[in-house]
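Asks: One structure is given below, represented as structure tokens, and several questions about it will come after.
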Amino acid sequence: MVGYLKTASISFLALSRMILGAEVYFSPSTECEDRIVKAIHESKQEIVVAVYSLNNRKIADSLREAKKRGVKIEILTDSIQAAQKSSLALPLLNEGFNLKLHSKYKIEHNKFAVFDNNLVETGSFNWTGPASRSNSENCIFLNETEVVKKYRERFTFLWEKNSKEASLVKVKKLIKKSRQLSTE
């Protein structure tokens, strides 16, 4: 009986780490970027993203591939960061991504994504090239059901609070600004 209990407790411990475990990565390195790309590639149904800045081409290309596979993708990003020359917000929007520029709060400073309602990525890691190459940042991946649920609920709240109409006003300003820069 003792042998059985020992084996059962070891099996339970291994299972609980897998279910309740967390993956933690740090930059500068490509660890966060690579793990985000892996999560995007593994997604089958839906990816929701609330991110301050988005200019990482490897992540954006992975999102493009997921969209082609039929994965539903919603992205909420900061409007000031979207106006930066290196931002991929406008190109992704022009490619038909369901993307909103924030219209509430001072800045959209969240950095999280929910993949297929079973995995969350969060931390200080911005979805940018410098975050991988030169910044000291972190990301953590969590799959605990209640944590995933809370992040998904927060995304829904933010998505609804930041209206499509207000986002389009900001997009039009962004397009106008980019046209002015290209003619200078």
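Asks: Looking only at helices (runs of 4 or more DSSP H) that lie completely in the range 108-184, which have at least 1 residues being modelled with pLDDT of 95 or more, in contact with a strand residue (DSSP E or B) (Cβ under 7 Å, 6 or more places away or on another chain) and surrounded by fewer than 18 Cβ atoms within 10 Å (Cβ to Cβ)?
Replies: 145-161
Asks: Of all residues in the range 63-93, which are in a loop (DSSP other than H, G, I, E, B) and within 19 Å of Lys161 (Cα to Cα)?
Replies: Across the range 63-93, the qualifying residue is only Asp78.
Asks: Sticking with this structure for a sec: Quick check on the range 34-51. Is at least one of its residues within 26 Å of Arg179 (Cα to Cα) and touching a Phe, Trp or Tyr at 6+ places or on another chain (Cβ under 8 Å)?
Replies: Keep residues of the range 34-51 that are within 26 Å of Arg179 (Cα to Cα), which gives 51.
Then drop every residue that is not touching a Phe, Trp or Tyr at 6+ places or on another chain (Cβ under 8 Å), which leaves 51.
Taking every residue of the range 34-51 in turn, at least one turns out to be within 26 Å of Arg179 (Cα to Cα) and touching a Phe, Trp or Tyr at 6+ places or on another chain (Cβ under 8 Å).
Asks: Tell me which residues, restricted to the range 87-107, are buried (at least 17 other Cβ atoms within 10 Å of the Cβ) and either among the hydroxyl-bearing types (Ser, Thr, Tyr) or farther than 20 Å from Ser178 by Cα (or both).
Replies: Of the residues in the range 87-107, the ones buried (at least 17 other Cβ atoms within 10 Å of the Cβ) are 87-90, 92-93, 97, 99-103.
Ser87, Ser103 - these are the residues of the range 87-107 that are buried (at least 17 other Cβ atoms within 10 Å of the Cβ) and either among the hydroxyl-bearing types (Ser, Thr, Tyr) or farther than 20 Å from Ser178 by Cα (or both).
Asks: Kindly list, by first and then second residue, each pair from a residue in the range 80-100 that is over 17 Å from Gly129 (Cβ atoms) to a residue that is in a loop (DSSP other than H, G, I, E, B), limited to pairs with Cβ atoms under 6 Å and residues at least 6 apart or on different chains.
Replies: As it stands, the answer is Lys100/Asn162, since those pairs meet every condition given.
Asks: Now for a separate question. For the range 48-86, name all the residues that are within 11 Å of Trp127 (Cβ to Cβ), at pLDDT below 95 and surrounded by fewer than 21 Cβ atoms within 10 Å (Cβ to Cβ).
Replies: Passing the criteria: none in range.
Asks: If you don't mind, another one. Return a yes/no flag: does the range 28-36 have any residue that is modelled with pLDDT under 95 and either closer than 17 Å to Phe112 by Cα or hydroxyl-bearing (Ser, Thr, Tyr) (or both). Let's see the steps before the verdict.
Replies: Quick first cut of the range 28-36, residues modelled with pLDDT under 95 only: none.
No - not one qualifying residue is present in the range 28-36.
Asks: Same structure again: Restricting attention to the range 94-107, which residues are assigned to a strand (DSSP E or B) and of a type in the set (S, T, N, Q)?
Replies: Step one: filter the range 94-107 for residues assigned to a strand (DSSP E or B), giving 98-101.
Of everything in the range 94-107, just one residue is assigned to a strand (DSSP E or B) and of a type in the set (S, T, N, Q), namely Asn98.
The values are calculated or read from the model by the stated rules, or taken from the named source; none is laboratory data. Note that the structure is predicted; figures quoted are calculated from it, not measured. When we count neighbours, we look across all protein chains shown, and the Cβ atoms used for this are built from the backbone with ideal geometry, even at glycine.
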